[in-house]
Amino acid sequence: MLPGLFACHPVPQTMPKFHARLLSFALLTAAAPVTIAAAEPTAVETAVDAVMPQVVAWRRDFHQHPELSNREFRTSKLVAEELRKLGLDVKTGVAHTGVVAVLKGGKPGPTIALRADMDGLPVTEQVDVPFKSLATAEYRGEKVGVMHACGHDGHTAMMLGTAKVLAGMRKELPGTVMFIFQPAEEGAPEGERGGASLMLEQGLFAQTKPEAVFGLHLWSSLNAGKVGYRSGPLMAASDRFRIVVHGRQTHGARPWGGVDPIVTASQIVLGLQTIVARQVDITQYPAIVSVGAIKGGIRYNIIPDSVELVGTFRTFDPKVRAAIVERIERIATETASAAGATADVEFGTDPNPVVLNEAALTTRAVASLERVAGKDNVVVIPYVTGSEDFAFFSQALPSFYYFVGSTPPGQDPVTAPSNHSPHYFVDEASLPVGVKTMVAAALDYLQGK
Ligand SMILES: [Zn+2]
Ligand SMILES: [Zn+2]
């Protein structure tokens, strides 16, 4: 199925379609003389079209050579080389393998930042494309397949394309663009730091503080051609918790001789489910509390000494987050206390904050997206309960983050393999949409639109 679909959407075929759609949209909405002018590709569209074959080639190359978080050695080397060819001021080795390049325009204007992430995942690719990944690596002591199962190959390639288009108009560019190629979005390996938070700690914005930062993500939940966003909180803050219930070990036939941490842990799991259902106002923002693992005991007739629970919770508002922290602690410790047990509760030390689309910036950026992707193709999407470490940039600066549909048209995005699946497939028709929207958002901002 996939090779066939792939064959149906080679990039050269998608460009005329793009202009044809612009033409039909313009015919419907404007008077005749204006229509013809509007239907002709602008200089920017022509520049984007010219760079697309190279974007596709870059993306296929990255796809075939994915690297795990904090190990993006080949990718970042290639990225830095391409950026140097464009005459940009390039800095490497930022937060391990990150690359930051600055393009100074020939005219005065604001500074903005554009961000792409570069890492792959420990997933063995099951998609049958000519540039399928056969890469392997060691992950948590095991040999694993490595795949760009989240589309970061596309992000890196699209950002290089965006840099090339903007560098091509450097003289006319009113302002400065910082290109951030970020490592380890998927999380640094155990015992390491990495990603957006480390880049910021290392002083990414210390010398030049951009006015705004933009980012995008290829996304299975929308068809190629579509773009999704929402104003305000977009992606959840992601927190981890760990609860250890301490009872007292005894024989399974004599439970009264000890304190059973298994029954207590079970009560805690059910109690945690009442947080979202009964204790938090979810009318404005949704929230999620999930237990992902329960570990305790070794044998059918021994009640163990302790049980460990680990889980995650997702929120879109700092007050809801604080309320959930308090309730997890209370439910765990007081449920344990009622059983004569005790509970230790810990929270992860490096939670991802919320990806927040600043309202005024969103309004401006959406106008740019609608102009180049077509008004009907830009849609407001529901809250996304997944998280993204772009959130750290989002906390540091006004930001705008959006999703670029990657599922082939005609395939149902609800059932299409999602990001992180070994079957995740990016329709390359999504790539020009990503470059056009990013270039338009950046240019419009610099021009004060
Ligand atoms: Zn991912
Ligand atoms: Zn991702």
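The values are calculated or read from the model by the stated rules, or taken from the named source; none is laboratory data. Because the structure is a prediction, the values reported are computed rather than measured. Virtual Cβ from ideal backbone geometry, glycine too; neighbours counted across all protein chains shown.
Let's see how each residue does on (1) under 30 Å from Pro304 (Cβ atoms); (2) buried (at least 22 other Cβ atoms within 10 Å of the Cβ):
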site: Asp317; (1), (2): no, no
site: Glu329; (1), (2): yes, no
site: Ala339; (1), (2): yes, no
site: Ala343; (1), (2): yes, yes
site: Phe347; (1), (2): yes, no
site: Val372; (1), (2): no, yes
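In region 320-338, the residues that are among the basic types (Lys, Arg) reach residues that are crowded, with 20+ Cβ neighbours inside 10 Å and outside any helix (DSSP H, G or I) with C-beta atoms within less than 6 angstrom, at least six apart or across chains, in these pairs: Arg321/Ala237; Arg321/Thr315.
Scanning region 423-449 for residues that are part of a loop (DSSP other than H, G, I, E, B) and under 17 Å from the mean Cα position of the chain (by Cα) turns up Tyr424, Phe425, Val426.
To keep it simple, each residue is scored yes or no on (1) among the hydrophobic types (A, V, I, L, M, F, W, C); (2) modelled with pLDDT of 95 or more; (3) within 16 Å of the chain's Cα centre (by Cα).
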position: Thr208; (1), (2), (3): no, no, no
position: Ser221; (1), (2), (3): no, yes, yes
position: Val227; (1), (2), (3): yes, yes, yes
position: Ser238; (1), (2), (3): no, yes, yes
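Of all the listed residues (Ala116, Ala135, Ala157), the sole one being crowded, with 24+ Cβ neighbours inside 10 Å, more than 16 Å from ligand 1 (Cβ to nearest atom) and at pLDDT 95 or above is Ala157. Screening Gly215 against (1) within 16 Å of ligand 1 (Cβ to nearest atom); (2) on the phi > 0 side of the Ramachandran plot leaves a single unmet condition, (2). Val123 falls short of the stated requirement of being among the aliphatic types (A, V, I, L, M) and either within 27 Å of Ala440 (Cβ to Cβ) or part of a strand (DSSP E or B) (or both).
Identify the residue in region 173-191 that is modelled with pLDDT of 95 or more and charged (D, E, K, R) and, among all such residues, is farthest from Val99 (Cα to Cα). Among residues in region 173-191 that are modelled with pLDDT of 95 or more and charged (D, E, K, R), the one farthest from Val99 (Cα to Cα) is Glu186. Scanning region 61-72 for residues that are of a type outside the set (Gly, Ala, Ser) and crowded, with 18+ Cβ neighbours inside 10 Å gives Phe62, His63, His65, Pro66, Glu67, Leu68, Asn70, Arg71, Glu72. In region 148-250, counting only strands (runs of 3 or more DSSP E) that sit wholly within it, the ones holding 3 or more residues that are under 28 Å from Val378 (Cβ atoms) and within 16 Å of ligand 2 (Cβ to nearest atom) span 174-182, 212-223. Close Cβ contacts (under 9 Å, 6 or more residues apart or on different chains) running from residues in region 107-119 that are part of a strand (DSSP E or B) to residues that are among the acidic types (Asp, Glu) and within 14 Å of ligand 1 (Cβ to nearest atom) comprise Asp117/Glu185; Asp117/Glu186; Asp117/Glu388; Asp117/Asp389. Report yes if Gly195 is more than 16 Å from ligand 1 (Cβ to nearest atom) and either small (Gly, Ala, Ser) or within 16 Å of Glu388 (Cα to Cα) (or both), otherwise no. So Gly195 does not fit the description; no. Condition check for Phe403 on (1) out of contact with any helix residue (DSSP H, G or I) (no Cβ under 7 Å at 6 or more places or on another chain); (2) among the hydrophobic types (A, V, I, L, M, F, W, C); (3) more than 15 Å from ligand 1 (Cβ to nearest atom): one failure, at (3).
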